[in-house]
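All of the numbers you see were taken from the coordinates with simple rules; none came from a lab. For clarity, every value in this text was computed on a predicted model and none was experimentally measured. For neighbour counting, all protein chains shown are included, and Cβ atoms are generated from backbone atoms with ideal geometry for every residue, glycine included.
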Amino acid sequence: MEKMKQSDLRAQLTIARQQGTLIEVHNIPNDDYFNVGFVLAIDPAFCLLISIDWDGKINGLIAIRISSIDYVATGTDYLMTISEKTKVAHQHNYFDIWHVQQFIDDHPEFTQGDLINNVLNDSFNHHLPVVIGTDKYKGADDFEGIIADRDRIKINLHYFNESDLSSLWTYDILLAKIDYVRVRGTQAATSKQILTDLFADQ
C-alpha cells in the first residue's frame, strides 16, 4: 500500500486513540510482520501503543516513530481475528500477564510529554531491558539489551547477539535514529532472563 501522508496518519492514530480501536501499524517496508495494538498517546514524533500479539494478549508497550510508519489499518480480517482472541485471553486471565495496564494506570505521566524519553528513562532508571529498532536496519535486526548510559542525544546500549553469545556488545544509538522501542513485554522478559543467566558477570 502507498505510504500515507503524515497528516492522514496522525488523524487515523488520533481517532484510534479516542475510540479505543485496535489497529495495524505498518512501519517495516515489504513486511509480513506489523504491529497490532491500541494507541495510548501521540506526540510530535512518536506514538505509543499497547502491543497485542497473535494470541490476543498484551505483548508490552511499543513507541513507534510516526515518520517511519507507511500506513495504518483498521477493521481488517486479521484485526477481527485478534479481537476474538482477546476475548478468550480475558476469559482465561492471560490477557495482561505483564501487568501493562496496571503500570499505565499507576504512571499516567508515562503517556504525557516526550514519549521516547519517557520510555527510555523508565527503562534506564529501572534497569529494564529494551528492544530497539533503528532506521538503518528497518526491522531486519532488533537490538535487545540494557541501556548502560544515556544523554539528550544518544544512548549506549549493552546488547546480546543470539548468534554469538560470547560476550555482550556495545552500541551507541542516536535518539534521532530510533524507529521503535519495545518495553515491558514478552521480548523484554526473555531478554532479561538471557542477560541474568548468561551475562550476570559482565
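Remind me, relative contact order of region 36-184 in percent, using alpha carbon pairs under 8 angstrom and six or more residues apart?
Computed value for region 36-184: 22 percent relative contact order.
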Note to self: What distance in nm lies between label points placed 7 Å from Cα along the C-beta direction at ARG10 and ASN117?
What the structure shows: 1.9 nm
Checklist line | Cα convex hull of region 6-198 - mean projected area over all directions, nm² | finding: 11.1 nm²
Note to self: Please enumerate, by chain and number, the aspartates and glutamates with C-alpha under 20 Å from the C-alpha of LYS5, excluding those fewer than 8 residues away in the same chain.
What the structure shows: GLU24, ASP31, ASP43, ASP70, ASP135, ASP179
Note to self: If you fit an axis through the alpha-carbon atoms of helix 6-19 and take the longest principal axis of the Cα set of the chain, what angle between them do you get, 0 to 90°, nearest 10?
What the structure shows: 80 degrees
Next item on the list: Among LEU175, LEU157, LEU120, determine the one that fluctuates most according to a GNM of the chain built with springs between C-alpha atoms less than 10 Å apart.
Entry: LEU175
Margin query: To make sure I understand, if each residue's beta carbon is the centre and we count other beta carbons within 10 Å, what order do TRP54, TRP98 fall in, fewest to most?
Written below: TRP54, TRP98
Item checked: Distance in nm between pseudo-label sites at HIS126 and ASP151 (7 Å out along the Cβ direction from Cα) -> 2.7 nm
Checklist line | lysines with Cα under 18 Å of LYS136, excluding same-chain neighbours fewer than 8 positions away | finding: LYS154, LYS177
Next item on the list: Any chance you could give the angle, 0 to 90 degrees and rounded to 10, that helix 115-125 forms with the longest Cα principal axis of the chain?
Entry: 40 degrees
Margin query: Over region 48-112, what is the relative contact order in percent, taking alpha-carbon pairs closer than 8 angstrom and at least six residues apart?
Written below: 37 percent
Notebook entry, point to check: Fully extended, how many nm does the chain gain between THR196 and LYS177 (0.36 nm per residue separation, minus their Cα-Cα distance)?
Noted result: 4.1 nm
Notebook entry, point to check: If you stretched the chain out fully between TYR137 and GLN18, how much longer would it get, using 0.36 nm times the residue separation minus the C-alpha to C-alpha distance?
Noted result: 39.6 nm
Margin query: Under the rule a/c < 1.5 gives rounded, and otherwise a/b versus b/c splits prolate from oblate, where does region 1-88 land using the Cα gyration tensor?
Written below: prolate
